[in-house]
Amino acid sequence: MRKSFFRLIVIISFLTIISFTGCFDDWFGSKDYGQYTSITFRILATYGGANSEGTHKFTVNGQVLDNSYFVYNVTDGCNETCSGAIYENPKTLDVTINSNTCTATQRYIDWIYWHYNNNGSNCKCLVTSYQPSIVSYTYEEGKDDPGTPVISGFDQLETFENCTGNYSTDCETTVTLNFSSANSTGQKLQSSAAEAVSVKRVCSPEKTE
């Protein structure tokens, strides 16, 4: 009788201890992870190119994070990888959203040749890279921490889409960015490529303007 009572005391004490340390919740899956109420993330944007002039514009949920004029006055080295390109200093773009998803839009407007040879071959080239990271986040009050959000979707900016025009070109790419919690799913999620690089090259179009 005493042994049974002693065992009962030991079991109760053990369960009490692990419940205070959080182990009880982890073992029995009783965590109540909160939904994200805000996420602040940072984008390290690097732009470059050769023999190109125009405006690049980047927005998240319609909020303009960058709207800049560029000139890349290099007329050679415009190959498939855009080697020999001029690169701008990286730009730090911070944005806060109040959900776990958003849309990002990259645009190149009035992209023209910096130099055009009417009697020879011509090539213009752009390179764009984005490196996203989480700055901070909040979640539902009274709920368990869902953990640092995992970003996916930046890898979809690898290609230029919806480009129109020849001598003067406009390009626009819109992607959906998702922010997931590895804790809430119980899975080890991985972010999309830490750096999404897009290269666009146009060579020797007929000059129409």
Report, by residue number, each residue of the range 115-124 that is crowded, with 18+ Cβ neighbours inside 10 Å and either touching a Lys or Arg at 6+ places or on another chain (Cβ under 6 Å) or not in a strand (DSSP E or B) (or both).
-> Asn122
Is there a residue being open to solvent by 30 Å² or more (accessible area, probe 1.4 Å) and touching a Pro at 6+ places or on another chain (Cβ under 7 Å) anywhere in the range 136-149?
-> yes
Does Gly49 satisfy being at pLDDT below 95, open to solvent by 50 Å² or more (accessible area, probe 1.4 Å) and closer than 13 Å to Cys123 by Cβ?
-> no
May I ask you to list the residues in the range 61-94 that are open to solvent by less than 80 Å² (accessible area, probe 1.4 Å) and assigned to a strand (DSSP E or B)?
-> Val64, Leu65, Asp66, Ser68, Phe70, Val71, Tyr72, Ile86, Lys91, Leu93, Asp94
When you go through (1) under 14 Å from the mean Cα position of the chain (by Cα); (2) free of Cβ contacts under 8 Å to residues at least 12 places away in the same chain one by one for Asn119, which number turns out not to apply?
-> (1)
Could you list all residues from the range 153-174 that are at pLDDT 90 or above and surrounded by fewer than 19 Cβ atoms within 10 Å (Cβ to Cβ)?
-> Ser168, Asp170, Glu172, Thr174
Meets criteria (surrounded by fewer than 13 Cβ atoms within 10 Å (Cβ to Cβ) and in a strand (DSSP E or B)) for Val127 = no
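The values are calculated or read from the model by the stated rules, or taken from the named source; none is laboratory data. What you see is a predicted model; the values in this text were computed from it and never measured. Reconstructed Cβ throughout: ideal geometry from the backbone, glycine too, with neighbour counts over all protein chains shown. In case anyone asks, the SASA skips ligands and DNA or RNA and just uses the protein heavy atoms, side chains included. Shrake-Rupley method; radii C 1.70, N 1.55, O 1.52, S 1.80 Å.
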